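To start, the structure itself, in structure tokens.
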Amino acid sequence: MEQNKTPQQDEFLFHPKNVQLFILLAGLSFLFLALTVSYIYIRVTNGVAPVRLPLLFLLNTVILLGSSYTLIRAKRCYLGDDTKGYQDNLKYTIWLSLLFMVMQTIAWIWLFSNNIHLNSSTTTGFLYVISFVHLAHVVGGLPFLYQFYRTAKKRMVDPVTVLVYFSDPEKRLKLRLLTIYWHFLDILWIYLVVFFGANYLV
């Protein structure tokens, strides 16, 4: 039975940039899996108490999900030739990402103010390292988001330039890759929050 794949889907699947993204996401998956497995191993073998997850981490989950939603909206506006909606939702995604960074910093400050330091225990050390590595990849994606927004504001100035922008297959590919990367970071964050929460409750 033949699979219903279009030539565009096949081209995207084997595109070098798509392969590069797949390798990056696979590497990140193995990295965080190794960190969380190490957390469980050290906690069980050494009898270390689990770390309590700050409530701000749950708020940050909502913020990240919001940024994913606005990026989905941006992609829909792009496909629907909605210039203002596309630009606005890219801007909202950037602001939500910056808000996530600020709130994550506040969460770390809260941990410090409650005498939960990096070297307080092995489990708290893992919490800091894992959340910092995740934040680093959010920061790494911000320049690409900003570049999309900057290019859209600079080049989409009249009907002709808007048509050229929306019909560019390279931009469509890059937007799709960026969306996949952003959704991956959201799923990864949810996994980490559930992981630390479950470890505390068990």
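Membrane-span-like helices in the chain, defined here as complete DSSP H runs extending at least 27 Å along the helix axis by their C-alpha atoms with mean Kyte-Doolittle hydropathy no lower than -0.5, are 16-46, 55-79, 83-113, 122-155, 169-201; this is a sequence and geometry rule, not a statement about a membrane. GNM, the chain, Cα, under 10 Å: largest mean-square fluctuation among Asn89, Asn18, Asn115? Largest GNM mean-square fluctuation: Asn115.
For the chain, the mean residue ellipticity at 222 nm estimated from helices alone is -29500 deg cm²/dmol, where every DSSP H run of n ≥ 4 contributes -39500 (n - 2.57) and the total is divided by all residues, rounded to the nearest 500.
When peptides 137-143, 21-27 are ranked by their average number of other Cβ atoms within 10 Å per residue, the highest-first order is 137-143, 21-27.
Quick one: if the Förster radius is 22 Å, what FRET efficiency do Leu142 and Leu118 give, using the C-beta to C-beta distance and rounding to 0.05? For Leu142 and Leu118, the calculated efficiency is 0.35.
When every alpha-carbon pair in the stretch 133-202 is counted, what percent end up more than 13 Å apart?
Above the 13 Å cut-off, the stretch 133-202 has 72 percent of its Cα pairs.
Using Cβ point charges alone (K and R +1, D and E -1), the dipole size of the stretch 7-201 about the Cα centre works out to roughly 260 debye.
Taking label positions 7 Å along the Cα-Cβ direction at both Leu201 and Thr151, the computed distance is 4.3 nm, reported to one decimal. Taking only the C-alpha atoms of the chain, the Rg (one decimal) and the largest Cα-Cα distance, Dmax (whole number), read 19.9, 66 Å.
Rg and Dmax, both from the Cα atoms of the stretch 8-101 and both in Å, are 18.9, 57.
Relative protection proxy for 182-195, 158-171, from highest mean packing down: 182-195, 158-171 (other beta-carbon atoms within 10 angstrom). Structural size metrics of the stretch 122-163, computed from C-alpha coordinates, are Rg and Dmax of 18.1, 58 Å. Measuring r between the beta carbons of Leu58 and Ser167 and using R0 = 35 Å, the FRET efficiency lands at 0.25.
All of the numbers you see were taken from the coordinates with simple rules; none came from a lab. Computed from a prediction, not measured in an experiment: that's the story for all the values here. Heads up, the Cβs are rebuilt from the backbone with ideal geometry, glycines too, and the neighbour counts pull from every protein chain shown.
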